[in-house]
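Contents: one structure, followed by commentary.
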Amino acid sequence: MAEVMNCTPTLWDTMREAGAGAVLALAVIAVGAYFLGCFNGAVIVSKYILRDDVRNHGSGNAGLTNFYRTFGGALTFVVILTDVLKAVAAVLVGVFVMRHLVSGDWLVTILAKYWAGLFCLLGHMFPCMFHFKGGKGILSGGTIALMLDWRVALVVWGGFLVLAILTKYVSLGSCWAGASFPFATFFVYDHSLILTVLAVIIGGLILWKHRGNMVRLVHGNESKFSLHKKKE
C-alpha cells in the first residue's frame, strides 16, 4: 500500500537514476510515436486511393467521421484499421524502448504508454508530411486508452458511447473523452502527478481540436452523426 501511495516519487526517482538512458528513451519514443501518428488513415486513403483529399470536404477535418460522411463505403474500415494499428504500434514501441533503456517497472511502463500516446496524437493531429493538417485524435486516443488500463478506458469510452448514441453528437462524446481522461488517470494511478500532467496535455489537445464543435454545440448548429453517407 505504501508503494502505491508513493507512486509519483518512485517513478520520478527511477527516471532520474536512469539519467542519460531515460533522456534517450523519451527522445526515441517521442520521435517514433510521432512519425507513426503521422500515418493518418483518412488522408492516406482519400488522397492516394480515392484521389480526393478528405480535407477538401465537409468540416475539412482529416478524421474518421468526416471521411465517413464524405465517402462512406468499405474503405472506412481501412481508415479505422490504420488509426488503430498506428496507436497500438506507438504504445508497444514505447514500452519496448523504455524497458530496454530504463526499467521494466510497471509505473515506468505506464509512463512509456502515456508518453508514446501523447506523441502519437501529436503526429495524428499535426502530421509533418501532410502540412500539419490532421485529425482530432479520437479513434487513436481511444485505442491508447484501451491499452493503458481498463478503468481509464471504461470512463473514456463509456461516456463517449453513451453521449454519442443518445444525442447523435460524436463531438459531444469526444469532448467527454478529452475532459474525463485526466480525471480517470488521476484516480486510477493514485494521484500520480507525472501521469496526470501528461493526461491533461492529451485531453487538452483533444478539447482544443474540438473547439469549433463546442461552439457549434452551444449555438445548436452542430451536425449529428448518421449511418447514411452525407450527399453533397
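Observations, loosely collected:
- Of all the residues in the range 1-45, those that are at pLDDT 90 or above and of a type in the set (Ser, Thr, Tyr) number 1.
- Verdict on residue 24 being of a type in the set (A, V, I, L, M) and touching a residue at least 60 places away in the same chain (Cβ under 8 Å): yes
- Flag if residue 53 is farther than 22 Å from residue 201 by Cα, out of contact with any Gly (no Cβ under 7 Å at 6 or more places or on another chain), of a type in the set (D, E, K, R) and without any contact (Cβ under 8 Å) to a residue 40 or more places away in the chain: yes
Yes/no per residue for (1) of a type in the set (Phe, Trp, Tyr); (2) surrounded by fewer than 18 Cβ atoms within 10 Å (Cβ to Cβ):
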position	(1), (2)
137	no, no
143	no, no
150	yes, yes
167	no, yes
182	no, no
187	yes, yes
201	no, yes
210	no, no
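- Failed item in (1) outside any helix (DSSP H, G or I); (2) in contact with a helix residue (DSSP H, G or I) (Cβ under 6 Å, 6 or more places away or on another chain); (3) farther than 21 Å from residue 63 by Cα, with residue 191 passing the rest: (2)
- Filter result for residue 115 (under 21 Å from residue 185 (Cα atoms) and in contact with a Gly (Cβ under 8 Å, 6 or more places away or on another chain)): yes
- Checking the range 96-103 against the condition returns no match, with no residue being basic (Lys, Arg) and closer than 27 Å to residue 158 by Cα.
- Every residue from the range 173-209 that is at pLDDT 95 or above and on the phi > 0 side of the Ramachandran plot: none
- Members of the range 129-171 that are under 19 Å from residue 40 (Cβ atoms) and without any contact (Cβ under 8 Å) to a residue 12 or more places away in the chain: 131, 132
- Here residue 114 passes the criteria (1) touching a Lys or Arg at 6+ places or on another chain (Cβ under 7 Å); (2) crowded, with 21+ Cβ neighbours inside 10 Å except the one numbered (1).
- Sole exception among (1) under 23 Å from residue 146 (Cα atoms); (2) touching a helix residue (DSSP H, G or I) at 6+ places or on another chain (Cβ under 7 Å); (3) assigned to a helix (DSSP H, G or I) for residue 39, by number: (3)
- Counting only helices (runs of 4 or more DSSP H) that fall entirely inside the range 73-172 and contain at least 2 residues that are among the polar types (S, T, N, Q), the qualifying elements are 75-101, 138-148.
- Looking at 174, 192, 180, just one residue is among the polar types (S, T, N, Q), more than 19 Å from residue 121 (Cα to Cα) and in contact (Cβ under 8 Å) with a residue 24 or more places away in the chain, and that residue is 192.
The values are calculated or read from the model by the stated rules, or taken from the named source; none is laboratory data. Not measured: the values here are computed from a predicted model. Cβ atoms come from the backbone with ideal geometry, glycine included; neighbour counts cover every protein chain shown.
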